[in-house]
Amino acid sequence: MSVWVEKQLKNLDLFHIGQGYSRKEIAKIGDVKIPGNRDWSGIVRFANCILLFVNLDKSQQQIEDHKYTDYFDVEYFFWQSQASNTENTPSIKKIIEGLDTRLFCRKKASGHFIYCGELIYKRHWSEK
């Protein structure tokens, strides 16, 4: 899922790597509102950055197609987006072009997200 917010997310330097945040805390620090009719999950694109919200443990995921391969390998983070995303999807295109992209992860599908910092795009490949 991708959500687009026209505002800028402020105060990016106030997030601390390794610290846990709820979506509401992220919105408060960033001086934005969580859209009332949508939850922030997956990809949230702002005018000045993209936030990725990733659940690492997919064992409780009921839908097999939603068990994405997301993991850390030393200094790299591997992220599998939804099948509907391609190199031409606006949010993915912005990541490839180098828009400031920040990662928030949590092990399970509940609880706070841990701020992992800024991601630097290296490469991608398509499964199709």
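No lab work stands behind these numbers, since they all come straight from the coordinates. All values reported here derive from a predicted model rather than from experimental measurement. No Cβ is skipped: glycine too gets one built from the backbone with ideal geometry, and neighbour counts run over all protein chains shown.
Some values worked out for this structure:
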{"quantity": "Note, ³J(HN,Hα) from phi for the range 29-34, Karplus 6.51, -1.76, 1.60, rounded to Hz, x at Gly and Pro", "calculated": "4, x, 6, 9, 9, 6"}
{"quantity": "Burial order of peptide ranges 111-122, 46-57, 11-22 (average beta-carbon count within 10 Å, highest first)", "calculated": "46-57, 111-122, 11-22"}
{"quantity": "Projected label distance in nm at Asn48 and Asn11, using a 7 Å step from Cα toward the beta-carbon", "calculated": "1.3"}
{"quantity": "Extension gain (nm, one decimal) between Lys122 and Ser22, 0.36 nm per residue minus Cα-Cα", "calculated": "33.2 nm"}
{"quantity": "In Hz, Karplus ³J(HN,Hα) per residue of the range 103-118 (6.51, -1.76, 1.60; θ = phi - 60°; x = Gly, Pro)", "calculated": "10, 10, 10, 9, 5, 9, 7, 8, x, 6, 8, 8, 6, 9, x, 7"}
